[in-house]
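This report concerns only the one structure given below.
Here, each number is a calculation from the coordinates, and none is a lab measurement. Model, not experiment: these values are computed from the prediction. Note: ideal-geometry Cβ built from the backbone for every residue, glycine included; neighbour counts use all protein chains shown.
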Amino acid sequence: MKTSIYKRAGKAFFYLAFAKALFITTSCKPDHLHLVKVEASQTSIDSTLQSVTAIEDYIAPYKKSLDAQMDEQLSYNPVSMHKNDFELNTPIGNMMAEIVMKQGNPIFLKRSGEQIDVVLINHGGIRAPLHKGAVTMRSAYEIMPFENSIVVAQLNAVQMTSLINYLVKRKRAHPISGLTIKLDKNGKLLEALINGKPLSDNEHYYVATNDYLYNGGDNMSFFKDTPITQLDYKIRNAMIDYFKETDTLKFKRDDRFTMVH
C-alpha cells in the first residue's frame, strides 16, 4: 500500500513540477520579479498522506496535455534501430551524428563564419532504441534524456590525430559524421579522411560534440583547452526539430567506419 502511495504521489508531483516549468518557460510576461523571502517546509509522503487522489485530480489536465504533446507523431521510422545493431557504425548512431551536423551547422556558421568539419558524440549517450513506427517527442527524450548541449571545438592536426586514434583503439560505434575511418583485418588504421581528404598538418578542424565530452567525458582528453563555440542548442532539441522537418527517417549503416575482412 505504501509503495503505491509513493508511486502515485511521485507521479503527481512530477507532472505538477513539469507543468509549472512549462508555464514559466513559455510565459511572455515582461515583469521583472525579485526574490524577497524563502520559506521551507517538509511534508512526509507516507501512509498518512490522504490527499493523493486530490493531487492527481488537480494534475490530470496538465498530464493529459503533456502526454498529448509527447506522443504526437513528428516523423516515421521504417526500421527499428538500436545502438548495438552493428560494430563500428550503426543506423541510430549515424542518425544522431547527422542531426547534430545538419541542425548545428547553420548556427555555427552564423556565429563563426565557419563550417563544422566533423561530428563526434558518444555511443553510451544513446540511452534507448528507436522503434519502428511513429517518432515522437517522447522518442527524443528516451534516446537523449540528458541536458547535453552542442559545442564546437577547434582542433589542430595533432589533436585530430589523437581523436582518430581514440576511435581506432576503442573500435566502438561512436556516432561520427564528416570523418571516414578504414581499418585492416587486424584493426590497424588503413585510412582516415576528413570530408574525403587526408588530414593536413597545416589545417585546423571544427568538431561538433557535446559539453560532457568536451569537458573530458569518456576520456576524450583531446578536447582539453581547445577553443570552443557554444551553440546554446541541446542535442535533444536538435532531434525534435529534425523530426518535425523530416517525414520519414532513412538512416542506415554505411562506410564511415569500417574494417576490411
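Electrostatic bookkeeping for ARG172 treats Lys and Arg as +1 and Asp and Glu as -1; over the other residues with beta carbon under 15 Å from its beta carbon, the sum is +3.
The gain in end-to-end length when the SER200 to ASN84 segment is fully stretched comes to 38.5 nm, 0.36 nm per residue minus the alpha carbon separation. Each part reduced to its alpha carbon centroid, segment 114-186 and segment 220-261 end up 6 Å apart. For segment 56-113, the extents of the C-alpha atoms along the principal axes are 49, 36, 18 Å, listed from largest to smallest.
Per-residue extension of 0.36 nm, minus the Cα-Cα distance of VAL158 and HIS123, leaves a gain of 10.3 nm for this segment. Coordinate range of the alpha-carbon atoms in segment 76-259 per principal axis, descending: 45, 41, 27 Å.
Under 18 Å of direct C-alpha separation, and excluding same-chain neighbours fewer than eight residues apart, LYS185 reaches these aspartates and glutamates: GLU87, ASP254, ASP255.
Here is the list for segment 215-261: trypsin sites (Lys or Arg not before Pro) lying in DSSP coil, each with at most 14 other C-beta atoms within 10 angstrom of its C-beta, are LYS224, LYS250, LYS252. A protection proxy built from the mean count of other Cβ atoms within 10 Å ranks the segments 140-153, 69-82, most packed first, as 140-153, 69-82.
Amide H contacts of VAL135 (H built 1.01 Å from N, in plane; Pro and chain starts excluded): LEU74, SER75, TYR76, ASN77 sit under 5 Å, all sequence-distant by 5 or more or on other chains.
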